[in-house]
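The values are calculated or read from the model by the stated rules, or taken from the named source; none is laboratory data. The structure presented is a predicted model; accordingly, all values stated were derived computationally and were not measured. Here Cβ is always computed from backbone atoms with ideal geometry, including for glycine, and neighbour counts include all displayed protein chains.
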Amino acid sequence: MSSFNDVTILGSADAASPSIEYSLLSPMLIVFGVAVVGVLIEAFAPRRIRYPVQLVLGVGGLAAAFVAVLLLAGTRSTAMMGSVAVDGPTLFLQATILLVSIPAVLLIAERGSGNTAEVIAQHDALGSFTPQASSVPGSVAEQEAVKVGIAQTEVFPLTLFAVGGMLLFPASNDLLTMFVALEVFSLPLYLLCGLARRRRLLSQEAALKYFLLGAFSSAFFVFGIALLYGYAGTVTLSGIADAARIGSGTDAFLWLGTALVAVGLLFKVGAVPFHSWIPDVYQGAPTPITSFMATATKIAAFGAILRVFYVALPNEYVNWRPLMWAVAILTMVVGSIVAVTQTDMKRMLAYSAIAHTGFILTAVVADSDAGLASAMFYLLAYGFSTVGAFAVVSVVRDADGEVAALSRWAGLGRRSPLVGVVFALFLLAFAGIPLTSGFIGKFAVFSAAAEGGAAPLVIVGVLCSAIAAYFYVRVIVLMFFTESAEDAPTVVVPSALTSSVIGLGAGVTLILGILPQPALDLAERAADFVH
C-alpha cells in the first residue's frame, strides 16, 4: 500500500499543470464566447428579439476580437503549452479574417431590401435563408413558416463558431491543434451551405458535397499527421523541422506525410485537382455563405499552409517545391480556362477563386519572407473584393430570387449604372488591372516568386491572368454594351447592411490599389514566424 501511495504522490508531483495564456488567446476566446451566448439566446430568448440581439452580438463580438488582435500587435510568443503561436503572420491573418467576416455577417443579416417592385420586396422579405431548415423543401410546413415570417437566426452563432475555428487554424503550432481547428470551422459551414431559402435541393446538395470534400480533406490530413508523427515522434511543427534537419527517421514517412498533409490543406483552398465540387458548393450555398467561404476560409487555410511549409518543412523545400509547382500551374490554368466557359455568375466567380488560389500558391513556392508578406497582402486585397462582388450578386433579382445567369445580366450597367460600375471595379481588380488592389497583389506575389527562382511559374501566371482578363471584361461588355433581355432582372435597392458591404469592398479595393504601401509595409513587418 505504501508503494502504491508513493507512486501516486510521485506522479502527481511530476505532472505539470497546463498554463493558459488567456490574453494571447483573447481574440479566439471572445469569438467563441459570443458564439456560446448566441446559442443561449436561441434557446431562451423570445423569437421577436433574437434577430437584433444576434446581429449586435455578432458584429460587436467580431469588432471586439479585432481590437484584441490590435492590442497584441508586436507579440511573438506561444500559448497553451506551445500549441498556439502568436506572431506576426498569426495576428495579420486573424485581423484579416475578422475584417472580412464583419461584412459577411452583415450580408447574412440582410432580411429585406426596399424596392418599388412590390413582388420582389415580398419575395425578399426573409432574405437568403430558409425560415425552417428542418422542413422538407417545398413542403406545407415550409410554406407556413414563410407566411408566418419566421427567420433563421441560428446562422449567427454558427458563423461565429466557424470564425473562431478559422482564427485558430493559422495560429496552430502543432498538427493536432490544426486538425481540431479544421473541424471546428468546417462543421458549421456544412450546415450553413444547406440553408438557402430558394433552390433548397441544390443547397442541400451543396452541403452534402462540401461535407464529402471536408471528409476527404480531414482523412488525408489525419493520415499525414500519423506518418509525420511516425517520422519525428512529435506533432509540433518545430519538432518536425528539427527531426527533418538531422534526418532522424525514415524519409518515406516524411515525404508521404508531407504530401498527405498538403493534400488535406489544398482541399480547403480549392486547388486543382482537389477542386472538383467547389463550384457546385459556391453555386448552391446561400450567397452570403458563399462570400464567407470564398474569403475567410481561404485566408485561414492559406495561413495554415504557410505555417506548415515555412515552419515545419523549411529544410524539405527541395522535396515539396515540385509538388507546389505542379499544383500552382494546374490551378491557374484550369481555373482561368474553365471560367471562360461558365454561364452562371456564381460558378464563374468560383472558378475565378480557384485561379486566384493558384496565384497565391506562387508566393508559397517562393519560400521567403517576401513570399509570405505578398501572400498575406494578396489575401487581404482579394478578401474585400470578393465579399463586395458577391454582395452585388445578391441584389440582382427577379420574383424567383437571385439571378445568376450571365445572359440575363445584359444591359445591367445601363439600367443601374452605379451597381454596374461597382461590379466592374471588382472584376477589374480580379483581372489585376492597375489602380486596383488586385494589380498590387499580383505584382507582389509574382515579384516574390521571381526572386525565389520561380520565373517560369510567373510566366504561366501572367498568361493565365491575360486569359482571366478576357472573361472579366466579357461581363463588363455584357453589362454596358449589350441590349437588355426581355426577362431582365431588377436590381433591388439594397438596405444599409448590403450597401455598407458593397461600399466597404469598393473602398478597400481602390485604397489598396492607389495607396498600397502602408498595407505592404505592415505585411512585411508581420512576415516572421515564431519557431
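Of the residues contained in region 65-82, one or more are found to be modelled with pLDDT of 95 or more, under 13 Å from residue 164 (Cα atoms) and surrounded by fewer than 22 Cβ atoms within 10 Å (Cβ to Cβ).
So in region 419-470, with the set limited to residues that are of a type in the set (S, T, N, Q), part of a helix (DSSP H, G or I) and over 20 Å from the mean Cα position of the chain (by Cα), which one is surrounded by the fewest Cβ atoms within 10 Å (Cβ to Cβ)? Taking the candidates together, the pick is 447.
Could you check region 176-192 and list, in sequence order, the residues that are of a type in the set (A, V, I, L, M, F, W, C) and in contact with a Gly (Cβ under 7 Å, 6 or more places away or on another chain)? Explain how you work it out, then say what you get.
Taking region 176-192 and keeping what is of a type in the set (A, V, I, L, M, F, W, C), we get 176, 178-182, 184-185, 187, 189, 191-192.
Listed by number, the residues that qualify are 181, 184, 185.
Each row is one residue, and each column tells you yes or no for (1) in contact (Cβ under 8 Å) with a residue 24 or more places away in the chain; (2) of a type in the set (Ser, Thr, Tyr); (3) in contact with a helix residue (DSSP H, G or I) (Cβ under 8 Å, 6 or more places away or on another chain).
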{"residue": "379", "(1), (2), (3)": "yes, no, yes"}
{"residue": "384", "(1), (2), (3)": "yes, no, yes"}
{"residue": "408", "(1), (2), (3)": "yes, no, no"}
{"residue": "412", "(1), (2), (3)": "yes, no, yes"}
{"residue": "421", "(1), (2), (3)": "no, no, yes"}
{"residue": "456", "(1), (2), (3)": "no, no, no"}
{"residue": "462", "(1), (2), (3)": "no, no, yes"}
{"residue": "470", "(1), (2), (3)": "yes, yes, yes"}
{"residue": "478", "(1), (2), (3)": "yes, no, yes"}
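Which pairs turn up if I take residues in region 231-245 that are closer than 18 Å to residue 262 by Cβ and look for partners that are crowded, with 16+ Cβ neighbours inside 10 Å and among the β-branched types (Val, Ile, Thr) with beta carbon separation below 7 Å, at least 6 apart in sequence or on another chain? Close Cβ pairs (under 7 Å, with a partner that is crowded, with 16+ Cβ neighbours inside 10 Å and among the β-branched types (Val, Ile, Thr)) amount to 232/240; 235/225; 237/308; 237/311; 241/311.
Any residue in region 458-466 that is among the polar types (S, T, N, Q) and in contact with a Lys or Arg (Cβ under 9 Å, 6 or more places away or on another chain)?
Residues of region 458-466 among the polar types (S, T, N, Q): 465.
Subset that is in contact with a Lys or Arg (Cβ under 9 Å, 6 or more places away or on another chain): 465.
Checked against the condition, which is being among the polar types (S, T, N, Q) and in contact with a Lys or Arg (Cβ under 9 Å, 6 or more places away or on another chain), region 458-466 yields at least one hit.
Kindly check whether there is at least one residue in region 210-224 that is touching a residue at least 60 places away in the same chain (Cβ under 8 Å), surrounded by 21 or more Cβ atoms within 10 Å (Cβ to Cβ) and touching a Pro at 6+ places or on another chain (Cβ under 9 Å). Let's see the steps before the verdict.
Initial filter on region 210-224 (touching a residue at least 60 places away in the same chain (Cβ under 8 Å)): 210, 212-213.
This time we only want the ones that are surrounded by 21 or more Cβ atoms within 10 Å (Cβ to Cβ), so: 210, 213.
Narrowing further to those that are touching a Pro at 6+ places or on another chain (Cβ under 9 Å): none.
No, the conditions are met nowhere in region 210-224.
When each of 269, 338, 281, 318 is tested for being surrounded by fewer than 24 Cβ atoms within 10 Å (Cβ to Cβ) and modelled with pLDDT of 90 or more, the lone residue that passes is 338. Among the residues making up region 67-103, those that are over 18 Å from the mean Cα position of the chain (by Cα), in a helix (DSSP H, G or I) and either closer than 22 Å to residue 521 by Cβ or without any contact (Cβ under 8 Å) to a residue 12 or more places away in the chain (or both) are 67, 69, 70, 71, 88. Scanning region 160-180 for residues that are in a helix (DSSP H, G or I), in contact (Cβ under 8 Å) with a residue 24 or more places away in the chain and among the hydrophobic types (A, V, I, L, M, F, W, C) gives 160, 161, 162, 163, 166, 167, 168, 175, 176, 178, 179. Here residue 291 fulfils each of the conditions (1) touching a Phe, Trp or Tyr at 6+ places or on another chain (Cβ under 7 Å); (2) modelled with pLDDT of 90 or more; (3) more than 20 Å from residue 379 (Cα to Cα) apart from (3). Filtering region 199-208 for residues that are at pLDDT below 90 and not in a helix (DSSP H, G or I) leaves a non-empty set. Looking across 515, 520, one residue alone is hydrophobic (A, V, I, L, M, F, W, C) and touching a helix residue (DSSP H, G or I) at 6+ places or on another chain (Cβ under 9 Å). It is 520. Among helices (runs of 4 or more DSSP H) entirely within region 234-287, having at least 1 residues that are among the aromatic types (Phe, Trp, Tyr) and closer than 19 Å to residue 300 by Cα singles out 251-269, 278-284.
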